[in-house]
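Structure record follows, encoded as structure tokens.
The values are calculated or read from the model by the stated rules, or taken from the named source; none is laboratory data. Just so it is clear, the structure is predicted and the values come from calculations on it, not from any experiment. Neighbour counts are summed over all protein chains in view; Cβ atoms, including those assigned to glycine, are modelled from backbone coordinates with ideal geometry. The area values use the complete protein model at the heavy-atom level, side chains included, leaving out ligands, DNA and RNA. Shrake-Rupley method; radii C 1.70, N 1.55, O 1.52, S 1.80 Å.
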Amino acid sequence: MALKEKITVDMQDAMRSKDSEKLNAIRLLQSSIKQKEVDDRVEIDDTMILNIIEKMLKQRRDSIEAFKKANRNDLVEKEEFEVRVLQAYMPEPTRQAEISYAV
């Protein structure tokens, strides 16, 4: 299943389970994907989606640091939740042992 389809399915599941926080995070992701498609006039692929997710993760992590400095724990928790949702779409990092074996 393509990553874009998986995101759509996850959004539908979040709607059915009435998980508004997860739904909002996924909608932000879908909005960013749609914006990229419209701006560049291209059909987006998994690699482009992963780049969008990486950018969003970096933004969230920067926001977490800023909110921690401002003692805004409520916003830190919200951003950390969005990081967990977005991180679920990223591929698992390759372990050193797997790299050594492949070489």
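Taken across region 13-31, residues that are of a type in the set (Lys, Arg) and in contact (Cβ under 8 Å) with a residue 24 or more places away in the chain do occur, with at least one present. Among 100, 63, which is small (Gly, Ala, Ser) and modelled with pLDDT under 95? So the residue among 100, 63 that is small (Gly, Ala, Ser) and modelled with pLDDT under 95 is 100. Going by the structure shown, is residue 80 within 15 Å of the chain's Cα centre (by Cα) and modelled with pLDDT of 95 or more? When the stated conditions are applied, residue 80 passes them. Can you find a residue that is in a loop (DSSP other than H, G, I, E, B) and either open to solvent by 70 Å² or more (accessible area, probe 1.4 Å) or at pLDDT below 95 (or both) anywhere in region 24-38? No: zero hits. Of everything in region 69-93, what is aliphatic (A, V, I, L, M) and outside any helix (DSSP H, G or I)? Give them in sequence order. Of everything in region 69-93, those that are aliphatic (A, V, I, L, M) and outside any helix (DSSP H, G or I) turn out to be 70, 88, 90. Scan region 62-71 for residues that are open to solvent by 80 Å² or more (accessible area, probe 1.4 Å) and more than 20 Å from residue 86 (Cβ to Cβ) and the total you get is 2. Would you check if there is a residue in region 42-61 being open to solvent by 50 Å² or more (accessible area, probe 1.4 Å), part of a helix (DSSP H, G or I), β-branched (Val, Ile, Thr) and free of Cβ contacts under 8 Å to residues at least 60 places away in the same chain? Yes, there is a match, as at least one residue in region 42-61 is open to solvent by 50 Å² or more (accessible area, probe 1.4 Å), part of a helix (DSSP H, G or I), β-branched (Val, Ile, Thr) and free of Cβ contacts under 8 Å to residues at least 60 places away in the same chain.
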